[in-house]
Amino acid sequence: MNVINPNTSNSMTDTIAAAARSVASPGTQIIATNPSDGPASIESHFDEAVCSVALLEQVMAGEHAGMDAYVIACFGDPGLLAAREIARAPVLGIAEAAMHVASMIATRFSIVTTLDRTKIISRHLVRNYGMEHHCARIRATGIEVLELETNTDAVFRSILAECQQARDEDDIGAIVLGCGGMAHLVDELQQQLGLPVIDGVVAAVKLAEALVGLGLNTSKAGDLDYPSAKHYRGKFAHFSPPRR
Ligand code: 2AL
């Protein structure tokens, strides 16, 4: 399984890889990657658009190598539907996985994410995934994505404080963490909060294993079929969808 961190932070990829491996079944090989080109962190629509290009290159390479599943380990699920179009194997986003898992163990959850401006990205996903009934509130901590890598006590305490407010004010049964770089905090947060805290990385890994176990691939009947063959010019020529 290829767990792709679409930002270029190697240390965040290590955090994500450790979380993924902590839940992976013995027969699952976790290949954690990040592109070498692109934004250091993803916290705007622009970051998302730019990172998607390199992310899709990784999925294309994975398809050539016969990868059996992909996880897009960024909470905006950038490039998810485009990745599904070019992949035979299942592709899961961590926001999608976390929200679906949360909705199965609690009727209502809140999302605790990074910067205020990223809330709109989560809000669009909540709507797209039909989670409006389940998502009580989207909360920002004001923490930048790369600050999570500093792993300081202050960062943890800010996230914990926002989660405590969510627990006490939002009438919820679970909290969804709104960044792949929060994966290492989930156990400690859950212990201190006394309610389920869901990290999308581990949720996506387990759901991807389930889909692989069920023998299910991305449907090529309908809108997720491979893009129709055409020529892409210039530096994007290698993306040209082939005739199949
Ligand atoms: C993210 C994430 O998960 N990784 C990243 O670079 N940005 N999402 C977020 N809401 O900050």
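The values are calculated or read from the model by the stated rules, or taken from the named source; none is laboratory data. Bear in mind that the values here come from a model prediction, so they are computed numbers and not experimental data. Reconstructed Cβ throughout: ideal geometry from the backbone, glycine too, with neighbour counts over all protein chains shown. To get the accessible areas, we keep the full protein, side chains included, count just its heavy atoms, and leave off ligands, DNA and RNA. Shrake-Rupley method; radii C 1.70, N 1.55, O 1.52, S 1.80 Å.
The figures follow:
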| quantity | calculated |
| --- | --- |
| Max mean-square fluctuation residue, GNM over the chain, Cα-Cα springs under 10 Å, options A221, A24, A106 | A221 |
| Scattering profile of the chain at q = 0.11, 0.12, 0.16, 0.17 Å⁻¹ [log10 I(q)/I(0), Debye over alpha-carbon scatterers] | -0.54, -0.64, -1.13, -1.27 |
| Local electrostatic count, N5, Cβ distance below 12 Å [Lys/Arg +1, Asp/Glu -1] | -2 |
| Taking the convex hull of Cα positions in region 1-115, its mean projected area over all directions (nm²) | 7.6 |
| Residues with amide H under 5 Å from that of L92, placed H, sequence gap 5 or more | Y70, V71, I72 |
| Rounded to whole Hz, the Karplus (6.51, -1.76, 1.60) HN-Hα couplings of region 143-148, x for glycine and proline | 8, 6, 4, 6, 4, 4 |
| Carbon plus sulfur fraction of accessible area for region 145-216, probe 1.4 Å, in percent | 50 |
| Accessible area per residue in Å² at 1.4 Å probe, computed on region 1-141 | 41 |
| Candidates H231, H133, H45, ranked by Gaussian network fluctuation over the chain, Cα under 10 Å, top entry | H231 |
| The chain: most fluctuating residue of D187, D68, D199 per GNM, C-alpha cutoff 10 Å | D187 |
| Debye intensity ratio I(q)/I(0), log10, region 53-145, q values 0.14, 0.15, 0.25 Å⁻¹ (C-alpha model) | -0.56, -0.63, -1.20 |
| Only Lys, Arg (+1) and Asp, Glu (-1) charged, at Cβ; the chain dipole about Cα centre in debye | 880 |
| Label-point separation in nm, R137 to Y226, each point 7 Å along Cα→Cβ | 4.8 |
| Span-rule helices in the chain, defined as complete DSSP H runs reaching 18 Å or more along the axis (Cα) with Kyte mean at least 1.0 | 200-213 |
| Partner aspartates and glutamates for K220 [C-alpha distance under 16 Å; skip if fewer than 8 residues away on the same chain] | E63, D68, E85 |
